[in-house]
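Chemist: This is the structure, below, for whatever I ask next.
The values are calculated or read from the model by the stated rules, or taken from the named source; none is laboratory data. In this text, all values refer to a predicted model and were calculated from it rather than measured experimentally. Cβ coordinates were reconstructed from backbone atoms using ideal geometry, including for glycine residues, and neighbour counts include every protein chain displayed. Note: areas computed on protein heavy atoms with side chains; ligands, DNA, RNA excluded. Shrake-Rupley method; radii C 1.70, N 1.55, O 1.52, S 1.80 Å.
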Amino acid sequence: LVLVLGSSVPCKATSPRRMSRRCRRSARSLALALTSAAALLAHRLAPPGAPEAFSCSHLALAGARGGFRQTQASSAPRGAMGGLWTEGSALDRADKRVSGAVFRLRLPEMVELLLSVPGAFMGFPHAFFGPTPLALAWLASPAGGGGRLAVGAVAAFLFGASVFYAGLAGKVDFRKSTKVVLLVMPAITLSLLASPGVTARAADVGRLSLSCAALAVSATIPFKALFDRQRPAAALNLRGQIQERRAALLGSYIEGMCMGGQSRESLPSSDAAVMAANAVLLWRLWVPLPGPWSEWLPGAVAVLFFGLACFGRMYLWAHHLLDVSVGGLFGAGIAHWALAQGFGSRGSHVAASLLIFVLAVLAMQRRTKIFKTDERVATSAQ
């Protein structure tokens, strides 16, 4: 929301014809900063009695011709948890009816584990801050080049996947290891992109992927709190069926989405937003080897990965069809915006995107308590 509004606010310092492009960007960046500060300030200053789901939901920021205007929250019926989404509404029932075909599926355990790679792992920082940008940078390298990036992408994938699935299996503390990944993975990725032998275009694509992933997650977080929609696993009371209907290794992952604030993070899907953003970059920036399939291959691979991610999120009872569709629109819009504005390929762009990401995650942490211990989460859920 902040990104869309910040880039669409008109600049009135002077005539648009006479205003330089740099001036317009500066004015829009200022609007972006003011919007972010207003939202964070409203969230921090919310009274204790305000709904926990979204304590600044009464601050509706809308792009107007003269800037931003503040409007009162709608008095329409809301969901049981205090958000804008109404559980049991006609739209909710229709969405659950359409999504139910995927919810009821039961695939072999090995297929479930493979599906969890695009459906769970690639939507976490373990992937979108490491293997994914390195892989896209390798694909953007000249034919026969980028060997160091390919090796780095494979190594980052093995490291991230090992930490992710070891956390699900209880071999390591999932929350603590995720904090380490958040600190280490971007630094490793940026250092590999800046290493000798990496072309400027490949490095720009890798940094662009990092920026878009961070911004895609950040843009969905306020709307998750605003809609406050329950995940399918919680809304349909599927927690007791996890062990018999889903792979044992994924049981703790699904069960975690039924506890505390995490159970109300359904709409929109951050994972779908990240995958859509990277799918757009793959489609737009990958130049395969010449051949009869070179024109349609990037788009086909991009659609395949995005489709698998959406199907995986629904199969794991994390999101409905509407959730992944809206999340995909978020991610695709951010990627197109970044490409059109030339944003994301510089180190300063990555730093700004990561800062926004950290602020958004901290705001989400206050609501969902995702980095609290299991006992505290269980207590808050009760």
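Chemist: Order of 351-364, 124-137, 292-305 by packing, highest average Cβ count within 10 Å first?
Modeler: 124-137, 351-364, 292-305
Chemist: Calculate the length of the line joining the C-alpha centroid of segment 114-177 to that of segment 267-302, in whole Å.
Modeler: Cα centroid to Cα centroid, the span is 17 Å.
Chemist: Which value, in debye to the nearest 20, gives the size of the charge dipole of segment 242-368 about its Cα centre, when Lys and Arg are +1 and Asp and Glu are -1 at the Cβ?
Modeler: Using only the charged Cβ atoms, the result is roughly 240 debye.
Chemist: Here's something else I'd like to know. Could you pull the accessible area for residue 96 with a 1.4 Å probe, rounded to 10 Å²?
Modeler: Approximately 40 Å² for this residue.
Chemist: While we're on this one: Per residue, how much accessible area does segment 235-382 show when a 1.4 Å probe rolls over the protein heavy atoms, in square angstrom?
Modeler: About 44 Å² of surface per residue is accessible.
Chemist: Let me ask another. What ranking of 315, 165 comes out by heavy-atom accessible area, probe 1.4 Å, highest first?
Modeler: Largest to smallest exposure gives the sequence 165, 315.
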